[in-house]
Amino acid sequence: MGKYFGTDGFRGEANVQLTAEHAFAIGRYIGWYFGQNHRARIVIGKDTRRSGDMLEHALASGIAESGADAYLMQVTTTPSVAYMVRKEQFDCGVMISASHNPFYDNGIKLIGSNGQKIEASIEQAIEQYIDAGTPEIPRAMREEIGAVIAYPKGVDDYIEYLAAAAGHSYAGCRIAIDCANGSTSAIAAKVLEKAGAEVQVIHNSPDGININRDCGSTHMESLQQFVRENHMHAGFAYDGDGDRCLAVDENGNVIDGDLIMYIGAKYLREQGALEGNTLVTTVMSNIGLYKALDTAGIRYEQTAVGDKYVAECMFSNGYSIGGEQSGHIILAKYAKTGDGILTSLMLLDAMAAEQASLAELSSEVTIFPQLLKNVRVADKNTARENARMLEAVEAVSRKLGSDGRVLVRESGTEPLIRVMVEAKTDAVCRECVDSIVQVMQEEGLVLD
């Protein structure tokens, strides 16, 4: 973790932690860095936040001042930027978004030429440039000044690419989508309609401040109600920048990322496309998913929390699918990052291939109750290594046996220890979590 860049880019409240000056400096650096041997081309997308225009203009100005060209896709999704970087061989991509956060937050994600998040070493060099102004970057002069180019073609190409990825016709399928008043508002319905689906859309009227407000993949209630009341076959909810998708089955029940991954892994195996017979998850996936995978005879690998780590595991081993509970699902055949619309297409393909509903496809997984408690501590290292706490964790693990699991990990960004237990009942979850937290309190590790 750097000073500015975390696991998902540079993120903070606009004009507080993340300012136009920061964006300009980032633009200056990447325009120079990628243009040392040629005239660099950098593509930029943004979601619908009020501050997006401000940061986009600052980034583009910095890029042009360093002698590189900035291509503006305007409002689009994170995966579309990653796709266009690879397709058109841009030197770098930038997405201006704070994903599922409130409108007043924003972020800058940098995407390398391979379509994946940029190397940490480049982020570290940008941080040094922001703080120290080194290296000293010359201003481009005369004809060497970069151009800022409108690039709507990028969005159009992405829509066509996704529509072509649909493996079946969805004619007769009635789908509801919740666009979170964000990046997918002008894209998702077009893709699904091109594949023949009948689509009804909610929360697709962005005004700069309503992104993610009581809608999208973090607030599923309105989509659940809409699916039930309008007798839809399925519903899909995206986050602010379109790299996540959660689903709703025909009964209005949420199909979370674990269930989506199970459906996807089984579908790919049946198509002969599940490389290594393996699904990649993070350590936060539910034990119920792993039990179902064991029954189905599908291997799995676990990574640290973060789609970045899922992607690293997938692409270093050649695996086909991986993701997180939150709905970041990576389908390696088509994308190098999570793509909410692509995830929708996969689920619809599975429904069509199996002639089954989402409720039926997910019925083989029994999700265990889970309780997560964030404990604020004075020092994460001291807490993590405390002998009595480790003994308490081991005692809980023995108690749960194969009927649950315990996971204690530190936050990457806050002074927190996260204590998570999965068990057969909510009561057992509470009892086990409380027993660990009580020991932490007795050891003086917890801040009041």
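Only one entry of S183, S205, S222 meets the criterion of being small (G, A, S), modelled with pLDDT of 95 or more and surrounded by 19 or more Cβ atoms within 10 Å (Cβ to Cβ), and that entry is S183. Evaluating A335 against the criteria (1) modelled with pLDDT of 95 or more; (2) closer than 30 Å to V201 by Cα; (3) crowded, with 22+ Cβ neighbours inside 10 Å leaves one unmet condition, (1). Contact annotation: residue pairs with Cβ atoms under 7 Å, 6 or more positions apart or on different chains, pairing a residue in the range 95-115 that is outside the structural domain of T218 (by TED's automatic domain parsing) and farther than 13 Å from T78 by Cβ with a partner that is assigned to a strand (DSSP E or B) and of a type outside the set (A, V, I, L, M, F, W, C), are Y104/E13; D105/R11; D105/G12; D105/E13.
For I44, the requirement of being surrounded by 20 or more Cβ atoms within 10 Å (Cβ to Cβ) and either at pLDDT below 95 or assigned by TED's automatic domain parsing to the domain that holds M220 (or both) is not met.
The set of residues in the range 215-232 that are in a helix (DSSP H, G or I) and closer than 12 Å to H203 by Cα comprises G216, S217, S222, L223, F226.
How many of the residues making up the range 399-418 are of a type in the set (S, T, N, Q) and closer than 23 Å to G2 by Cα? Matching residues across the range 399-418 total 2.
Residue-wise test of (1) over 26 Å from I177 (Cα atoms); (2) of a type in the set (A, V, I, L, M, F, W, C); (3) in contact (Cβ under 8 Å) with a residue 60 or more places away in the chain; (4) buried (at least 22 other Cβ atoms within 10 Å of the Cβ).
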position	(1), (2), (3), (4)
M261	no, yes, yes, yes
G264	no, no, yes, yes
R269	yes, no, no, no
L348	no, yes, yes, yes
L358	no, yes, yes, yes
P369	yes, no, yes, no
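Within the range 225-254, being hydrophobic (A, V, I, L, M, F, W, C), buried (at least 22 other Cβ atoms within 10 Å of the Cβ) and under 19 Å from the mean Cα position of the chain (by Cα) holds for F236, A237, C245, L246, A247, V248. Looking across the range 212-248, the residues that are among the acidic types (D, E) and touching a residue at least 60 places away in the same chain (Cβ under 8 Å) come down to D239, D241, D243. The set of residues in the range 208-219 being among the small types (G, A, S) and either surrounded by 15 or more Cβ atoms within 10 Å (Cβ to Cβ) or in contact with a strand residue (DSSP E or B) (Cβ under 8 Å, 6 or more places away or on another chain) (or both) consists of G216, S217.
Scanning the range 400-414 for residues that are in contact (Cβ under 8 Å) with a residue 24 or more places away in the chain and over 23 Å from the mean Cα position of the chain (by Cα) gives L400, G404, R405, V406. Report yes if A237 is aliphatic (A, V, I, L, M), closer than 22 Å to S97 by Cα and touching a strand residue (DSSP E or B) at 6+ places or on another chain (Cβ under 9 Å), otherwise no. Yes; evaluated as a whole, the condition is true for this residue.
Would you mind stating whether A98 is buried (at least 20 other Cβ atoms within 10 Å of the Cβ) and more than 29 Å from K194 (Cβ to Cβ)? Yes, satisfied.
Is at least one residue of the range 66-75 closer than 20 Å to A150 by Cβ and within 16 Å of the chain's Cα centre (by Cα)? No - not one qualifying residue is present in the range 66-75.
The residues of the range 271-283 that are surrounded by fewer than 20 Cβ atoms within 10 Å (Cβ to Cβ) and within 21 Å of R405 (Cα to Cα) amount to a single one, V283.
With respect to the conditions (1) assigned to a helix (DSSP H, G or I); (2) buried (at least 17 other Cβ atoms within 10 Å of the Cβ); (3) within 29 Å of the chain's Cα centre (by Cα); (4) of a type in the set (A, V, I, L, M, F, W, C), M420 falls short on a single one, namely (1). Conditions first: (1) β-branched (V, I, T); (2) crowded, with 21+ Cβ neighbours inside 10 Å; (3) closer than 29 Å to Y334 by Cα. I122 passes all but one, so which condition is the exception? Tallying (1) β-branched (V, I, T); (2) crowded, with 21+ Cβ neighbours inside 10 Å; (3) closer than 29 Å to Y334 by Cα, I122 fails exactly one: (2). At pLDDT below 95 and not assigned by TED's automatic domain parsing to the domain that holds H219, is that true of Q89? No; evaluated as a whole, the condition is false for this residue.
Of the residues V419, V439, the single one that is over 30 Å from A163 (Cβ atoms), in contact (Cβ under 8 Å) with a residue 40 or more places away in the chain and touching a strand residue (DSSP E or B) at 6+ places or on another chain (Cβ under 9 Å) is V419.
The values are calculated or read from the model by the stated rules, or taken from the named source; none is laboratory data. Not measured: the values here are computed from a predicted model. Cβ coordinates were reconstructed from backbone atoms using ideal geometry, including for glycine residues, and neighbour counts include every protein chain displayed.
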